[in-house]
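Novice: This is the structure I have questions about; it appears just below.
The values are calculated or read from the model by the stated rules, or taken from the named source; none is laboratory data. Worth saying up front: this structure is predicted, and the values here are computed from it rather than measured. In this analysis, Cβ positions are derived from the backbone assuming ideal geometry, glycine residues included, and neighbour counts consider all displayed protein chains. Ligands, DNA and RNA are excluded from the accessible area calculation, which covers all protein heavy atoms including side chains. Shrake-Rupley method; radii C 1.70, N 1.55, O 1.52, S 1.80 Å.
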Amino acid sequence: IYSLCMDREGGLWVGLQSNGLGRLRTRQLTTLSVADGLPDNRTRAVFEDSHGDLWIGTAEGLAQYHGGKVTHWLPENGGRLGDVRSIAEDAHGTLWISSSKDLYWIKNARLTAVPNWTGTLEIEVLYKDTQGRMWIGTDGAGLFQQTMFQQNMAAFRNYRTQDGLASNHVRALLEDRNGALWISTFGNGVTKYAGGKFSILTTKDGLAGDRVVAIHEDEEGALWFA
């Protein structure tokens, strides 16, 4: 870098030795709030769907951000949606929404409860794998796998500690590039699900802590656990 210049709009111009001229523009942070149409100012989840729309989960419901406009979504029965912690989109383009212990989806422009869902504890995370299946991690009821999707029906299989899960308190899910599903728990480390079998990693295997709240795979295939 040979020279720097700040212009009157707050942009930084960078004179480079052999790569021309660079421009760095700082942008002001803008916010959306109840005044703009959000159901609540306590944001819990943000998700971008396949059409480019943003979906915002709050402590008091769900909103859609499209074309600069915020739309508040309510269940078809007109009831209160409550705390929306996770949002995901399946292979069919159907949006899945968790609200406390309840599970909803948006089909035919209607927000309705998912049939056959029998979970009784809080849903912490929704996740779509590369095969298009939905996984639902709960706070105490283990992990649910969507095993069937047909018209307006879905079926689920429940995995718990007796099946090999490290804990029934799930916090995060990630499918790695080899197709293995990693399941973080709050207090018992990480579970790997591959080839129909579970294996467990804890601080005894090198984890910094057994309360794992996030998982990330980098471009080199290394897994990171928070």
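Novice: Starting from the Cα of K197, draw a straight line to each of the lysines and keep only those under 25 Å, dropping any in the same chain fewer than 8 residues away.
Specialist: K128
Novice: Could you check how much of the accessible area of the chain is carbon and sulfur, as a whole percent, using a 1.4 Å probe?
Specialist: That fraction is 47 percent.
Novice: Cut-off 10 angstrom, C-alpha nodes, Gaussian network model of the chain. Which of T203, T112, T185 fluctuates the most?
Specialist: Of T203, T112, T185, the Gaussian network model singles out T203 as fluctuating most.
Novice: A follow-up question, please. Based on the Cβ-Cβ distance of T161 and A222, what FRET efficiency does E = 1/(1 + (r/R0)^6) give at R0 = 25 Å, to the nearest 0.05?
Specialist: 0.35
Novice: Could I ask something else about it? Relative contact order (percent) for segment 1-107, with alpha-carbon contacts under 8 angstrom and 6 or more residues of separation?
Specialist: 15 percent
Novice: Could you run the Karplus curve 6.51 cos²θ - 1.76 cosθ + 1.60 with θ = phi - 60° over segment 128-139 and give me ³J(HN,Hα) per residue in whole Hz, x for Gly and Pro?
Specialist: Going residue by residue, I get 9, 8, 5, 8, x, 7, 9, 10, 10, x, 10, 9 Hz, with x marking Gly and Pro.
Novice: Enumerate the residues in segment 124-150 having an amide nitrogen under 20 Å from the point lying 7 Å beyond the Cα of E76 toward its Cβ.
Specialist: Zone members listed by number: 148-150.
Novice: With the cut-off at 1.5 for a/c, could you classify segment 161-219 from its C-alpha gyration tensor as rounded, prolate or oblate?
Specialist: oblate
Novice: Using the Karplus curve 6.51 cos²θ - 1.76 cosθ + 1.60 with θ = phi - 60°, what ³J(HN,Hα) values do you get for each residue of segment 76-85, in whole Hz, with x for Gly and Pro?
Specialist: Result, ordered by residue: 4, 7, x, x, 7, 7, x, 6, 9, 9 Hz.
Novice: Loop only by DSSP, 16 or fewer other Cβ within 10 Å of the Cβ. Give me the trypsin sites (Lys or Arg not before Pro) in segment 153-212 that pass, ordered by residue number.
Specialist: R160, R177
Novice: Looking at the chain as a GNM with Cα springs under 10 Å, which of Q17, Q64, Q162 has the largest mean-square fluctuation?
Specialist: Q17
Novice: Additional query: Cross-link partners among lysines for K204, C-alpha distance below 21 Å, same-chain residues fewer than 8 apart left out?
Specialist: The qualifying lysines are K192.
Novice: While we're here: Quick check: Cα centre of segment 190-221 to Cα centre of segment 160-178, how many Å?
Specialist: Their Cα centres are 9 Å away from one another.
Novice: Would you look at the GNM of the chain, springs on alpha carbons closer than 10 Å, and say which of G196, G52, G140 moves the most?
Specialist: Looking only at G196, G52, G140, the largest GNM fluctuation is found for G196.
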